[in-house]
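Working notes, beginning with the structure itself.
The values are calculated or read from the model by the stated rules, or taken from the named source; none is laboratory data. Because the structure is predicted, anything quoted here is derived from the model rather than measured. Heads up, the Cβs are rebuilt from the backbone with ideal geometry, glycines too, and the neighbour counts pull from every protein chain shown. To get the accessible areas, we keep the full protein, side chains included, count just its heavy atoms, and leave off ligands, DNA and RNA. Shrake-Rupley method; radii C 1.70, N 1.55, O 1.52, S 1.80 Å.
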Amino acid sequence: MTSVSFVIPVFNKAKYLKTVINSLKCQTGKFDKEFIFINDGSTDNSLEILEKEKKNLKNCKIINQTNNGSASATNAGIMKSKMKYIKFLDADDLIINKTTSILINLLEENKEFILAYGLQRKVKDISLVKLDDKIDYLDLTFQYNPIKSAMRNSMFNPSQFLVRTDICKRIGGCDERVIHSQEYSLTLKLANIGNFIRLNYPLAILPYKAPGQ
């Protein structure tokens with residue numbers, strides 16, 4: 001059986017957290033899990049919600065730190081991850097129920113790839129979204145030497161991808177000099193050393209507007 005560390009940086013996301021955590025609880029598939037929330041100095045009641053919801057999540061830990069930005073919070077989660085894969089999730093995004101199991105299978109079946117990701121779609125209210133999509137056909141794009149694509153623009157946000165933990169740690173995670181869009185520096189580092197798989201289907205659901213987006 002394989003395993004996944006869910007890494008979720010949090011800064012003032014109280015409005016979304018219960019809905020986001022529910023999408024984590026609904027992930028399908030047989031794999032060991034750990035949940036790592038990094039409270040990056042939230043000033044709302046995000047930490048209170050996390051502490052309450054932690055009781056309903058097996059193998060869950062909360063890291064508290066002063067506000068150092070999303071790159072620092074993401075790196076704190078990477079360093080604490082113990083599972084084979086890391087699935088990132090922004091604390092105002094959702095993932096459909098099959099997201100993690102689909103991305104795991106893609107990397108398990110394609111050992112020469114280090115990262116798998118899907119598309120995204122945006123909605124007005126994430127609390128109204130149904131996440132039980134039925135995906136009968138996997139339309140895949142195999143991206144070899146993706147560094148040129150990564151240099152042109154950000155290929156995905158954190159909620160869209162799953163990566164091999166050992167490689168993520170080996171490259172040192174995000175560049176903490178990049179305070180926002182932490183995934184961009186991480187994407188560049190990963191694209192420089194390995195190949196990606198893209199599933200041409202929206203696995204991540206994002207709100208049109210959210211604080212700190």
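Numerical summary
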item	result
The chain, relative contact order in percent, only Cα pairs under 8 angstrom and at least six apart counted	27 percent
Segment 1-72: trypsin sites (Lys or Arg not before Pro) falling in loop per DSSP and having at most 11 other Cβ within 10 Å	30, 55, 58
Violating pairs (Cα-Cα greater than 25 angstrom) within the set 18/189; 58/111; 13/111; 13/61	18/189; 58/111; 13/111
Correct option for semi-axes √(5λ) of the Cα gyration tensor in Å [calculated from the coordinates] among (i) 31, 20, 17; (ii) 24, 20, 17; (iii) 39, 16, 15	(ii)
Quotient of C-alpha Rg and 2.2 N^0.38 Å, computed over segment 63-165	1.17
Probe 1.4 Å, protein heavy atoms only - accessible area per residue of the chain in square angstrom	48 Å²
Fluctuation leader among 37, 113, 88 - the chain, Gaussian network, Cα springs under 10 angstrom	113
Label zone at residue 129 (point 7 Å along Cα-to-Cβ), backbone N below 17 Å, segment 75-107	87-103
Sparse-neighbour loop sites [trypsin sites (Lys or Arg not before Pro); segment 134-187; at most 11 other C-beta within 10 Å; DSSP]	134, 177
Spread of Cα-to-Cα distances over 5 Å intervals beginning at zero, given as percent, for segment 82-125	5, 16, 31, 22, 14, 7, 4, 1
DSSP-loop chymotrypsin sites (Phe, Trp or Tyr not before Pro) across segment 121-213, with at most 16 other Cβ within 10 angstrom	137, 144, 208
Accessible surface of the chain, 1.4 Å probe, proportion on carbon and sulfur as whole %	50 percent
Dipole magnitude of the chain about its Cα centre (Cβ charges: Lys, Arg +1; Asp, Glu -1), debye to nearest 20	160 debye
